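The values are calculated or read from the model by the stated rules, or taken from the named source; none is laboratory data. Remember, it's a predicted structure, so these values are computed and weren't measured experimentally. FYI the Cβ positions are ideal-geometry reconstructions off the backbone, even for glycines, and counts take in every protein chain you see.
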Amino acid sequence: MSSAFETFTEAWTQGAWNGSLAEGEQVVRSLLRPDARLEGMGGDLEAVGGEQYLPYWRNMREAFPDLRCTVEDVLVGEGGRSGTVWFRFEGTHQGEFVGKPGTGNPIDVRGSSTIWLDEEGRATKIRTAWDIHALLAQIGHAVESIAAHTEHLRAR
């Protein structure tokens, strides 16, 4: 039997990241509580709830339309309502990202997210650590542009 965390991880990965844009938006809205805190999206960027998270998510999906998220490992916390997911993003830079037009460059970055769920299986907090600097280097953008990345996403 799958834990609430494993069910969430599968729905989030397949729906938000590997599904269609329309499906992904529905998944983001349904799996994040309105007061969910999302941290570590690049620089010091944070969001509260799905509506604040959607511009960040859309930017990633539009800049890398063939993006695929692969779950590499999962550690489920006691009680099955929290845990950590190690993931890998692969895709092609085809749209604007941090002010840089699509380059056609492939990307391959890894990261992890620690996620806490409520009793209904919706995220209350997601803390992500991933290598934004590697992604920027792979698309030919200066690593120093992390501040630009943060400001660009805040402006959306």
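Do you know which of the residues in region 138-149 that are of a type outside the set (G, A, S) and in a loop (DSSP other than H, G, I, E, B) is modelled with the lowest pLDDT? In this case the residue turns out to be H141.
Just need a number here: residues in region 19-32 that are among the hydrophobic types (A, V, I, L, M, F, W, C), surrounded by 15 or more Cβ atoms within 10 Å (Cβ to Cβ) and in contact with a Lys or Arg (Cβ under 7 Å, 6 or more places away or on another chain). Can you show your working first?
To start, the set of residues in region 19-32 that are among the hydrophobic types (A, V, I, L, M, F, W, C) comprises 21-22, 27-28, 31-32.
From the residues that got through so far, the ones that are surrounded by 15 or more Cβ atoms within 10 Å (Cβ to Cβ) too are 27-28, 31-32.
From the residues that got through so far, the ones that are in contact with a Lys or Arg (Cβ under 7 Å, 6 or more places away or on another chain) too are 31-32.
Looking only at that region, the number is 2.
Within region 1-29, track down each residue that is among the β-branched types (V, I, T) and either touching a strand residue (DSSP E or B) at 6+ places or on another chain (Cβ under 9 Å) or in contact (Cβ under 8 Å) with a residue 60 or more places away in the chain (or both). Show your work before the answer.
The first filter runs over region 1-29 and keeps only residues among the β-branched types (V, I, T), leaving 7, 9, 13, 27-28.
T7, T9, T13 - these are the residues of region 1-29 that are among the β-branched types (V, I, T) and either touching a strand residue (DSSP E or B) at 6+ places or on another chain (Cβ under 9 Å) or in contact (Cβ under 8 Å) with a residue 60 or more places away in the chain (or both).
When each of A11, A4, A16 is tested for being surrounded by 18 or more Cβ atoms within 10 Å (Cβ to Cβ) and over 12 Å from the mean Cα position of the chain (by Cα), the lone residue that passes is A4. Among all residues of region 30-49, there is none that is out of contact with any Ser or Thr (no Cβ under 8 Å at 6 or more places or on another chain), in contact (Cβ under 8 Å) with a residue 40 or more places away in the chain, more than 23 Å from S3 (Cβ to Cβ) and outside any strand (DSSP E or B).
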